[in-house]
1. Only one residue in B:Leu11, B:Leu45, B:Leu5, B:Leu19 is touching a helix residue (DSSP H, G or I) at 6+ places or on another chain (Cβ under 6 Å), among the aliphatic types (A, V, I, L, M) and modelled with pLDDT under 90. Which one?
2. Any idea which residue in the stretch B:114-123 is nearest to the chain's Cα centre (by Cα), counting only those that are under 12 Å from B:Val175 (Cβ atoms) and within 7 Å of chain A (Cβ to nearest Cβ)?
3. For the stretch B:29-59, how many residues are free of Cβ contacts under 8 Å to residues at least 12 places away in the same chain, in contact with a strand residue (DSSP E or B) (Cβ under 7 Å, 6 or more places away or on another chain) and hydrophobic (A, V, I, L, M, F, W, C)?
4. Of all residues in the stretch A:349-363, which are part of a helix (DSSP H, G or I) and not hydroxyl-bearing (Ser, Thr, Tyr)?
5. From the residues in the stretch B:125-161 that are in contact with a Ser or Thr (Cβ under 9 Å, 6 or more places away or on another chain) and within 13 Å of chain A (Cβ to nearest Cβ), which one is surrounded by the fewest Cβ atoms within 10 Å (Cβ to Cβ)?
6. Which of the residues belonging to the stretch A:63-73 are touching a strand residue (DSSP E or B) at 6+ places or on another chain (Cβ under 9 Å) and either acidic (Asp, Glu) or surrounded by fewer than 20 Cβ atoms within 10 Å (Cβ to Cβ) (or both)?
7. When the stretch A:172-207 is examined, which residues are found to be under 25 Å from A:Gly132 (Cβ atoms) and either free of Cβ contacts under 8 Å to residues at least 40 places away in the same chain or not assigned by TED's automatic domain parsing to the domain that holds A:Ala128 (or both)?
8. Could you identify the single residue in B:Glu227, B:Glu204, B:Glu152 that is within 25 Å of A:Met1 (Cα to Cα) and acidic (Asp, Glu)?
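The values are calculated or read from the model by the stated rules, or taken from the named source; none is laboratory data. In this text the structure is predicted, and so the values were computed from the model without any measurement. Don't worry about glycine lacking a Cβ; one is built from the backbone with ideal geometry, like all the others, and counts go over all protein chains shown.
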Amino acid sequence: MIRHLFTLIWNRKRSNFLLMSEILLSFFVLFAVSVLLVSNYYNYRQPLGFQYENVWELDVNPGQDTTDHKEMLRLLVQRLQSTPGVVAVTNTSTNTPFSFSNMDTNQYTYKGKAGPQTERYDTDDETAKVLGLNVVAGRWFDRRDAAATRPPIVVNQKFAEKLLGQEAPVGKVLVSNDGKREWQIIGVVDTYRSGSDFASNDPAVFDRRALQDTAFKMSNNEVPVLLVRVQPGSGAVLEQRLVKEIKDITKGWVAKVNTLTENRHDKLKVVLTPMIALGIIALFLIINVALGLFGVLWYNISQRKAEIGLRRAMGATGAGIGKQFLGEMLVITTLGVLGGMLLAAQFPLLGVFGIEPPIYVLSILLAALLIYILTAVCAFQPSRIAAGIQPAVSLREE
Amino acid sequence: MEPTLTKSPLLTGAPAAILLKNTPMIKLLDIEKVYHTDTIETVALNRVNLTINKGEFVSVMGPSGCGKSTLLSLMGLLDEPTGGTIEIDGRAVTSYSDKELARVRNHKIGFIFQSFHLINDLSVLDNVELPLLYRAGMSGKERRQRAQAALEKVGLIARTKHFPSQLSGGQRQRVAIARALAGAPEIILADEPTGNLDSVMGDEIMDLLLGLNRQEGTTIVMVTHDENMAHKTERLIRFFDGSQVS
């Protein structure tokens, strides 16, 4: 019977071509949606690599103050650190967790090999403590690094894998791509996905910019950002106190306090909105495709009533007719899906968009599964109608 | 009266079958068929009692709308009677399930239609194989051999790869006959098999059916409007307004 179905489909290739094309296009829509869903789900399941609970972000605005910002900031950090309720304070670059700011670079090289596109973070000795970073090799920055001959850096495992491969990262010296600067890796953290819950685990490098180091020059144009780990349960009282401390020390600097939990929610909204919009568009496309398939199958059956009657007369059961129509649809779907798979397989093979090959493979399988479900659902009712057609009536209709 | 014994080779080359000429093959008992619509009730067949014996060639005549085709549909188990009992080869089939009816149609009955009912997207050979597709356990090779043997029988072995659209009306009807023969049925139900053909082609088809009846002992019931064709058969039954009149 399978051979018979293939013969029938091959002999009706002209009329089936459009249907196959529709299935192929639907497969691509579903493939794109699946890539989005699978990659986001995959990322969501990965650890963030830091702890955002009980961490507050203080965006400090010095306004028109012309005094040395670095010195003022150092005093401010000292005061905040001694405030009851505060566990640790760190001065960082503006690309804090869940922020909309980024500082990516591809300046790092190792033995002539260019490094990957990397997010760079300015940190200090307290950052690991504030964010609860998980150091898996070497160590985090401390006072010893002030006297280092080469600026120390800490990298994440993804960066180490991409640039150093299987080599142990700690102690390796990296050179800038213009050859003028060098860094030495002193530690490795496992993961650092600061963008959002759905951000991929991209390469990251942490630089040390400690306020107490004389070598560290800070421009007055820089916007100071502080991250403060507070005792669990701290609330508005501590927030007001921190703002007051800042005002007292700096004489006029303004600080805006947000928790990283709030920032995470804000970022989630921004990330999820286009995803939901895209999902709705995809859903409409799929409904459109489903209605198209449904209509084509319905039309097919009305055109083939005499054939149905004939097959019944030749010994087919009603259920057999239903299965035949469903089978024909599944064979056509398989041909469309195979074509789609062949094209979709180019994405992991060519490494398009930097998405991991297993995500593409999973997405291809998911798209294939969805398209089979879609066609089976669309073919079910027309097939049932075909199964219920009275042979005597349909034979008389021609 | 003692039943007449007829011995004939089957088309498939299976051992010769012994047919009992006066044994009923199709028996209709008090058959009624009423078609209902929202407002109208049409009586197509009114308490028909009819027996077709094994190996008989019977023609059915009557004006349009008298119930001939309905009668053939009921005999072919393509439709259910409103009342009465149908027996095929001694078994009442009225209460059979869809699956059992399909099996009886597949194994015992071959159909020939006025408009041929060939599938235009299948080759001649694939069309003839069609009833064998629904026969469980038959290999593709056996199907092909049977279909080729049937096409040989109707003189179309050279046309196996042609499509119906490439054949004349007479050739198409011969393909339809080959399809009916491929399953080696005991009954052939022909609904105006020469209705769409000219007299020469019609005679050719009639000769084929007569040969089949005489040589293979196949029971044939043929609906026709052509008196000449009808008189070539063993028995002529006339219908009028859903009832048998002779």
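1. B:Leu11
2. In the first step, residues of the stretch B:114-123 are kept if they are under 12 Å from B:Val175 (Cβ atoms); the result is B:116-120, B:122-123.
Retained after the next criterion (residues that are within 7 Å of chain A (Cβ to nearest Cβ)): B:117, B:119, B:122.
Working: B:His117: 13, B:Ile119: 18, B:Leu122: 22 Å.
Among residues in the stretch B:114-123 that are under 12 Å from B:Val175 (Cβ atoms) and within 7 Å of chain A (Cβ to nearest Cβ), the one nearest to the chain's Cα centre (by Cα) is B:His117.
3. Step one: of the stretch B:29-59, the residues free of Cβ contacts under 8 Å to residues at least 12 places away in the same chain are B:35-42.
Retained after the next criterion (residues that are in contact with a strand residue (DSSP E or B) (Cβ under 7 Å, 6 or more places away or on another chain)): B:35, B:41-42.
Of the ones still in play, those that are also hydrophobic (A, V, I, L, M, F, W, C) are none.
Summing the residues that are free of Cβ contacts under 8 Å to residues at least 12 places away in the same chain, in contact with a strand residue (DSSP E or B) (Cβ under 7 Å, 6 or more places away or on another chain) and hydrophobic (A, V, I, L, M, F, W, C) in the stretch B:29-59 gives 0.
4. A:Leu349, A:Leu350, A:Val352, A:Phe353, A:Gly354, A:Pro357, A:Pro358, A:Ile359, A:Val361, A:Leu362
5. The residue in question is B:Lys161.
6. A:Gly63
7. Filtering the stretch A:172-207 for residues under 25 Å from A:Gly132 (Cβ atoms) gives A:183-207.
Within the stretch A:172-207, just A:Gln184 meets the criteria.
8. B:Glu152
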